[in-house]
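Encoded as structure tokens, the structure appears first; notes follow it.
The values are calculated or read from the model by the stated rules, or taken from the named source; none is laboratory data. Here the structure is a predicted model, which is why all the values come from computation and not from measurement. Here Cβ is always computed from backbone atoms with ideal geometry, including for glycine, and neighbour counts include all displayed protein chains. In case anyone asks, the SASA skips ligands and DNA or RNA and just uses the protein heavy atoms, side chains included. Shrake-Rupley method; radii C 1.70, N 1.55, O 1.52, S 1.80 Å.
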Amino acid sequence: MSQDRKISSNNAQGGFKPIPTNVEKNTKYIYAWRKIVPNSLTVLAIFVGVSSIKFSLENDYKTAVLCIVLSGLLDGLDGPVARALNGASTFGAELDSLADFVNFGISPAIVIFFWVRHSGNVGWFLCLMYTVCMACRLARFNAGVDFNASSATRNFFMGVPAPGGAYLLSMPLIISFNFGKGTIADSEYFVLPYTLLVSFLLVSEVPTYSSKMIKRSAFSKTSNKILLVGIIASMIISFSYSFWGSLLFGQILYFGSFPFSYFTFKAIEKR
């Protein structure tokens, strides 16, 4: 009888289960760590995202926006890490969805409310509307009611995704960071209608580009690898030169991509 698996006489009668071998124990621990790593990134994203509320209470809006942006980056990492480690799980998917609501639905709404706190109940109501629209957007995605549920249109989201919504909502603050106080970005007459616009984009059926359109196989060619390195280098230089300016430029590009994604989607539909 093997020493790694001792089975008692009672086991023959169904009394006890076999004692796991060392190999089985190690495999179990490795599989557990595969799940812990991506879930830890999700939890870290919650820490960072919710911290934006604290910094907005302290009138440190730059750090608050930075927390929202960083939580978005972490949100973009947990999924690929889970797939790379083969550690995807139902728990991880549910945790990620709840984290998205907290990081991109609640935290940005509170930050934008404190930015225009003099707007009173009207401002608070519109921030609540944004949060509700974010909840509906995530529920729709979780229910599979989205363009990327179909193989033909899997490269598109239905409406703006959760991280994109939070990113766009921070635009008034980023405008102010670039051009100083006293701009239209500080006015409630701009911020509140803009908040309503972003809320609408979340629950709309406007097709927007998904990151799934970027295929790994596309970078197998040397020319594409060189292009990727050039893009990354350009982004690093741009952000080091003007961090807030680069974020604002990215928001403008994202808005500008909507007409292109719309017409591209319609062209695919007609095929």
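Students sometimes get this wrong: rank ARG271, ARG140, ARG117 by accessible area, probe 1.4 Å, all chains present, largest first.
The residues order as ARG271, ARG117, ARG140, largest area first.
Just to confirm a number: summing +1 for Lys and Arg and -1 for Asp and Glu over residues other than ALA166 whose beta-carbon lies under 14 angstrom from that of ALA166, what do you get?
On the way: positive: ARG137; negative: ASP75, ASP100.
The answer is -1.
Report the Cα-based extents of segment 33-110 along its three principal axes, largest first, to the nearest Å.
In descending order, the Cα extents are 42, 17, 15 Å.
May I ask for the net charge around HIS118, where only other residues with Cβ less than 13 Å from the Cβ of HIS118 are counted and Lys, Arg are +1 while Asp, Glu are -1?
Working: positive: ARG117; negative: ASP186, GLU188.
Combined, the nearby Lys, Arg, Asp and Glu give -1.
Per-residue counts of other Cβ atoms within 10 Å, averaged by peptide: what ranking do you get for 90-100, 231-241, 165-175, 257-267, highest first?
Values: 90-100: 16.1, 231-241: 10.9, 165-175: 23.7, 257-267: 13.3.
The densest-packed peptide leads the list: 165-175, 90-100, 257-267, 231-241.
Taking H placed 1.01 Å from N in the peptide plane, check which residues at least 5 places from PHE156 or on another chain put their amide H under 5 Å from its amide H.
ASN148, SER210
Could you please put ARG137, ARG34 in sequence from largest to smallest accessible area, using a 1.4 Å probe?
Numbers: ARG137 5, ARG34 90 Å².
Correct descending sequence by accessible area is ARG34, ARG137.
For the full complex of protein chains and a 1.4 angstrom probe, list LYS225, LYS35 by accessible area with the highest value first. Working shown, then result.
Values: LYS225 105, LYS35 60 Å².
The residues order as LYS225, LYS35, largest area first.
Tell me, what does the Kirkwood hydrodynamic radius of segment 81-185 come to in angstroms if you use every pair of distinct C-alpha atoms?
Values: mean 1/r = 0.0640 Å⁻¹.
Its Kirkwood hydrodynamic radius stands at 15.6 Å.
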